[in-house]
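The values are calculated or read from the model by the stated rules, or taken from the named source; none is laboratory data. What you are looking at is a predicted structure, and each value in this text was computed from that prediction instead of being measured. Here the Cβ is made from the backbone with ideal geometry for all residues, glycine too, and neighbour counts use every protein chain on show. The accessibility values were calculated without ligands, DNA or RNA, using every heavy atom of the protein model including side chains. Shrake-Rupley method; radii C 1.70, N 1.55, O 1.52, S 1.80 Å.
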Amino acid sequence: MDVVAYSAAPLPLISSSTINNIRNPNKTLNFINNSIQVFPWKPLASRIVEVHSGSQLRCLNYDANGRRGSWYAFHNREGDFKCSSLFQPLRKKSSRFRLVLVSCVHPQKLGLYAANLQKVINWKGKLKRHFPVHFVRFVVGMILVMSVSVVVSRTPSLALTEENLLFLEAWRTIDRAYVDKSFNGQSWFRYREDALRKEPMNTREETYMAIRKMLATLDDPFTRFLEPEKFKSLRSGTQGVLTGVGLSIGYPTGFDGSTGLVVISSTPGAPAYRSGIMSGDVILAIDGTSTETMGIYDAAERLQGPEGSSVELTVRSGPETKLMALKRERVSLNPVKSRLCEIAAVGKDTSRIGYIKLTSFNRNASSAVKEAIETLRSNNVNAFVLDLRDNSGGLFPEGIEIAKIWLEKGVIVYICDSQGVRDIYEADGNNAIATSEPLAVLVNKGTASASEILAGALKDNKRAVLFGEPTYGKGKIQSVFELSDGSGLAVTVARYETPAHTDIDKVGVAPDHPLPTSFPKDEDEFCTCLKDSASACYLNKMKLFSR
């Protein structure tokens, strides 16, 4: 018999009141840190008790009648092994019991082991008819002790190293948080056991490599491992400061046969922007290394670096391919720019339009948008334009908060997993400050992630008219988890649907109207396109706010 685990220590005590809960097929009993909790559970053919002991999760199957001195089999979630246990009274005729774990065996050996246990039980019945009860108890007890002794003698050493524990920490994070519970069609538990046996984890770098190899099996470019420095850099980016060239990049849609990495947005005033790199351009190489098979996060790391250092980019812009050297700078990601546009009207009061350009969703975004609205309101604006072009997203909660600024009520986004809708974010009016003025939203193919959530919410709730081109189409949400050594994981935890239940992944949010081809992205030129009817980018104010 192949033994994989053994514990002679009793698990937490079970009171008679808890036994009543156990007998309820709609409940699950959990042992967590020596405490007992009861949770709802779907009715099953066999009743189940979940036992949390250390890092293991095991389920105890039991019948409706068994309790004192009865044997049960339970197994962990991956089905790697099954265990035998018994409820043992604390003393004769006691109403309090303890659950004692006796042994764990591989499932292919369980049939033989269970048959042997059944023989013991059958022998017990026969002995009762011919021998005194105390003698029967002694014989059965000796048989069980001998069985346990055999189990102990064949138990291998399964001591986990510090590196193993870090790997398991990453594994558990994916197990709990990852959106696809089929884990790309593989047994996630079996992968853990195989990796612990086969993957070298003698150094921290080997452990990191094992984690990266594990994540690669998910085939999800947005779920990735971040070494401590990268994790720190990611957090600093969401706080509003980066040292780099000011580019946000993504994968090409594939519709035009593009390879490499596409520029989603170029931060105004940053080195890339000053060099003429714009949304839609394709980065073919970074410092001579082709981006054809390069991940976006590997590319982002290469683009960042010490202030004053240089990076060489090969960029295709339309039919032209250019080689350019950029010097990295400290890029301050001030997420909001705004200005007031006054448009004269014949026989009517002058129209005053408040223009707000939101470039990213960092921790300052929602407060900066509120401040811009209040400033423009003080100048008596009577309509707003929210420019989300080339906004590649950022923090999901900031996108939700900004939607609440513009919406009195309504669904903002549905969060979904493999089973369907699991959460709904709604506006309740508590944070709304601009719900009445006409609103136009400008989008393009550089509008991605959190900015798509915002655009979709405003469109589907009929709060705004969308102008531009279809957005990027990133319909998945990532959360960032820090591991114990300072490294981290960015994990795809959900997909989302707009309030109209539109899945925009790889499709994008469709605008209501196109913008003139030459419509500028600079806030200063924006006003010219509303004032000058002779301009090639002219857009009539009435058309801007009409459906």
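Inspect all residues belonging to segment 409-421 and state whether any of them is open to solvent by 30 Å² or more (accessible area, probe 1.4 Å), modelled with pLDDT of 90 or more, closer than 21 Å to residue 442 by Cα and in the same structural domain as residue 441 (by the TED database). Scanning segment 409-421 turns up no residue that is open to solvent by 30 Å² or more (accessible area, probe 1.4 Å), modelled with pLDDT of 90 or more, closer than 21 Å to residue 442 by Cα and in the same structural domain as residue 441 (by the TED database). The single condition among (1) more than 30 Å from residue 171 (Cα to Cα); (2) free of Cβ contacts under 8 Å to residues at least 60 places away in the same chain; (3) surrounded by fewer than 20 Cβ atoms within 10 Å (Cβ to Cβ); (4) not hydrophobic (A, V, I, L, M, F, W, C) that residue 456 does not meet is (3). Would you check if there is a residue in segment 460-471 being under 25 Å from residue 266 (Cα atoms), crowded, with 23+ Cβ neighbours inside 10 Å, touching a residue at least 12 places away in the same chain (Cβ under 8 Å) and among the polar types (S, T, N, Q)? For segment 460-471, residues under 25 Å from residue 266 (Cα atoms), crowded, with 23+ Cβ neighbours inside 10 Å, touching a residue at least 12 places away in the same chain (Cβ under 8 Å) and among the polar types (S, T, N, Q): present.
Looking at segment 343-374, which of the residues that are among the aliphatic types (A, V, I, L, M) and over 42 Å from the mean Cα position of the chain (by Cα) is modelled with the lowest pLDDT? Even if it seems obvious, please write down each step before you answer.
First pass over segment 343-374, keeping only residues among the aliphatic types (A, V, I, L, M): 343-346, 353, 356, 358, 365, 368-369, 372-373.
Next cut, over 42 Å from the mean Cα position of the chain (by Cα) only: 343-346.
Numbers: 343: 83, 344: 75, 345: 67, 346: 56.
Once the filter is applied, the top-ranked residue is 346.
Applying the set (1) closer than 30 Å to residue 268 by Cα; (2) open to solvent by less than 30 Å² (accessible area, probe 1.4 Å) to residue 478 leaves exactly one unmet item: (2).
In this structure, is residue 368 under 26 Å from residue 513 (Cα atoms), of a type in the set (A, V, I, L, M, F, W, C) and open to solvent by less than 40 Å² (accessible area, probe 1.4 Å)? Here the answer is no, as residue 368 does not meet what is asked.
What do you reckon, is residue 436 at negative phi and without any contact (Cβ under 8 Å) to a residue 12 or more places away in the chain? In short, yes.
Tell me, please, whether a residue that is part of a strand (DSSP E or B), more than 25 Å from the chain's Cα centre (by Cα) and of a type outside the set (A, V, I, L, M, F, W, C) can be found in segment 503-516. Even if it seems obvious, please write down each step before you answer.
If we filter segment 503-516 for residues that are part of a strand (DSSP E or B), which is where we start, we get 513.
This time we only want the ones that are more than 25 Å from the chain's Cα centre (by Cα), so: 513.
Now narrow it down to the ones that are of a type outside the set (A, V, I, L, M, F, W, C): 513.
Yes.
Within segment 468-484, restricting attention to residues that are among the β-branched types (Val, Ile, Thr) and within 15 Å of the chain's Cα centre (by Cα), the residue that is modelled with the lowest pLDDT is 477.
Pull up segment 416-438, narrow it to residues that are hydrophobic (A, V, I, L, M, F, W, C) and touching a Lys or Arg at 6+ places or on another chain (Cβ under 6 Å), then point me to the one that is nearest to residue 466 (Cα to Cα).
Initially, segment 416-438 is screened for residues hydrophobic (A, V, I, L, M, F, W, C), giving 416, 421, 424, 427, 432-434.
Next, from what is left, pick out any that are touching a Lys or Arg at 6+ places or on another chain (Cβ under 6 Å): 416, 427.
Working: 416: 25, 427: 20 Å.
Within segment 416-438, the match that is nearest to residue 466 (Cα to Cα) is 427.
For residue 525, the criteria (1) open to solvent by 70 Å² or more (accessible area, probe 1.4 Å); (2) in contact (Cβ under 8 Å) with a residue 40 or more places away in the chain hold in every case but one, which is (2).
Scanning segment 372-408 for residues that are open to solvent by 50 Å² or more (accessible area, probe 1.4 Å) and among the hydroxyl-bearing types (Ser, Thr, Tyr) yields 375, 378. Go through segment 285-335 and count every residue that is among the acidic types (Asp, Glu), surrounded by 14 or more Cβ atoms within 10 Å (Cβ to Cβ) and assigned to a strand (DSSP E or B). Residues flagged as among the acidic types (Asp, Glu), surrounded by 14 or more Cβ atoms within 10 Å (Cβ to Cβ) and assigned to a strand (DSSP E or B) within segment 285-335 amount to 1. For segment 348-358, indicate whether the set of residues that are part of a helix (DSSP H, G or I), open to solvent by 20 Å² or more (accessible area, probe 1.4 Å) and among the basic types (Lys, Arg) is non-empty. No, segment 348-358 contains no residue that is part of a helix (DSSP H, G or I), open to solvent by 20 Å² or more (accessible area, probe 1.4 Å) and among the basic types (Lys, Arg).
When you check residue 484 against the structure, is it open to solvent by less than 60 Å² (accessible area, probe 1.4 Å), among the small types (Gly, Ala, Ser) and either part of a loop (DSSP other than H, G, I, E, B) or touching a Pro at 6+ places or on another chain (Cβ under 7 Å) (or both), yes or no?
On the way: open to solvent by less than 60 Å² (accessible area, probe 1.4 Å): no; among the small types (Gly, Ala, Ser): yes; either part of a loop (DSSP other than H, G, I, E, B) or touching a Pro at 6+ places or on another chain (Cβ under 7 Å) (or both): yes.
Here the answer is no, as residue 484 does not meet what is asked.
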